[in-house]
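What follows is a set of notes on a single structure, which appears directly below.
The values are calculated or read from the model by the stated rules, or taken from the named source; none is laboratory data. Small disclaimer: the values here were computed from a predicted structure and weren't measured. So basically every Cβ, Gly included, is an ideal-geometry build from the backbone, and we count neighbours across all protein chains shown. What goes into the accessible areas is simple: the full protein's heavy atoms, side chains included, and nothing from ligands, DNA or RNA. Shrake-Rupley method; radii C 1.70, N 1.55, O 1.52, S 1.80 Å.
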Amino acid sequence: MVQAETTGVVLSIEKGEREYRLTLQDIKAFTPVTFETETIWTHGVQSFEGVRLKDLLDSINISSGQLRAIAVNDYAVDIPVADAVSDGPIIAYKQNGAEMSRRRKGPLWIVYPYDDKKSYQTETVYSRSIWQLDRLITQ
């Protein structure tokens with residue numbers, strides 16, 4: 001796979017034999033969602049902007065199963081597709097109005113609206129909040 005720095009690809013999604021390669025512009029073409037929440041990795045309330053995980057998965061007809069989410073450093077976690085609900089996680093590309101560099105957990109970070117539901121304040125959900133997201137693989 002060619003590195004994102006030279007191609008502009010920031011997210012690859014593998015669905016069976018098909019691979020989708022998305023640039024940041026592709027991701028920003030979705031209706032943006034913004035919410036504010038506290039996280040266990042930051043101080044104070046943070047504003048996040050991104051695409052609903054649900055909208056991204058719906059666009060390529062993924063409605064069940066698991067996703068293997070993989071970061072640039074190959075950290076990986078499984079996320080049930082059932083987590084991808086309208087008021088659920090986003091793939092954030094902005095934090096507090098600014099695009100995120102790799103040094104600041106970017107360019108993509110799966111963020112849940114932790115303050116909205118007690119069920120989002122668990123170790124399991126925190127483990128799914130992968131930053132420097134690079135790939136999604138359907139399982």
Exercise. Kindly provide the set of residues from segment 99-124 that are within 16 Å of the chain's Cα centre (by Cα) and surrounded by fewer than 18 Cβ atoms within 10 Å (Cβ to Cβ), ordered by number.
Key: GLU99, SER101, ARG102, ARG104, PRO113, THR124
Quiz item: Can you name every residue in segment 97-106 that is in contact with a strand residue (DSSP E or B) (Cβ under 8 Å, 6 or more places away or on another chain) and either at pLDDT 95 or above or small (Gly, Ala, Ser) (or both)?
Solution: GLY97, GLY106
Exercise. Would you mind stating whether ARG135 is open to solvent by 60 Å² or more (accessible area, probe 1.4 Å), basic (Lys, Arg) and under 21 Å from ARG21 (Cα atoms)?
Key: no
Quiz item: Only one of SER63, SER127, SER47 is in contact (Cβ under 8 Å) with a residue 40 or more places away in the chain, of a type in the set (S, T, N, Q) and within 19 Å of THR31 (Cβ to Cβ); which?
Solution: SER47
Quiz item: Would you pick out the residues in segment 51-76 that are closer than 26 Å to ASN96 by Cα, of a type outside the set (Val, Ile, Thr), touching a Ser or Thr at 6+ places or on another chain (Cβ under 8 Å) and open to solvent by less than 20 Å² (accessible area, probe 1.4 Å)?
Solution: LEU57
